[in-house]
Amino acid sequence: MAKKRSDEQGEDIETGLPAQAGEARVYELGFHLDPGLATEEAKSAYQAIRALIGGKASIIAEGEPEKVALAYTISRAGPSDARARRDFDSAYFAWIAYETPVAAHGEIVAAAGADARIIRFIDLTTDKDTARAALERAELAAKVSERTDETTEAVADDVALDAALESATL
């Protein structure tokens, strides 16, 4: 299970001691992108974040942006020149698990915080096995969803066929 990082300096979760700057760790960045972006813009924003991470880290697993309904409304201040807040009930969700030295990790987190297209993100310390297992679960869920859609379509086709046969025999 993923563990929330203790602080910005990369404190070791188990020992509470500062991590060595060159020490490589596995992190997961999960983020919500602005739902007002067109699908292609959301993919482009994701690719930009992925490229940034890929330049500083080794990517282990990832989940591309998918529009989701949020469990609760996220309210966020608009640009500095606007006084209004924006409320979000949906967003594009994506995540990237990667391995990088602690020093480079701080740069990645800072870049995610500065990207105006990201409305909220979470930064976790994890391990390779957990990240790969999350990817496998997501792929399995997608397959189950596809089969459910196929089954629903098949049932609808059967109902239509039954109705057509019944009307033809009358």
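Every read-out reported here was derived from the displayed coordinates using simple, explicitly stated rules and does not represent laboratory data. Values in this document were obtained by computation on a predicted structure and should not be read as measured data.
Please work out whether the range 58-107 counts as rounded, prolate or oblate from its C-alpha gyration tensor, where a ≥ b ≥ c are the square roots of the eigenvalues and a/c under 1.5 means rounded, while otherwise a/b larger than b/c means prolate and anything else oblate? Write out the running numbers ahead of the final one.
On the way: a/c = 3.69, a/b = 1.57, b/c = 2.35.
Verdict is oblate for the range 58-107.
List nothing, just return the count: lysine pairs in the range 33-146, 8 or more apart or interchain, with Cα separation under 21 Å. So the count of such lysine pairs works out to 4. Estimated at 0.36 nm per residue, the fully extended path between ARG83 and ALA110 surpasses their Cα-Cα distance by 7.3 nm.
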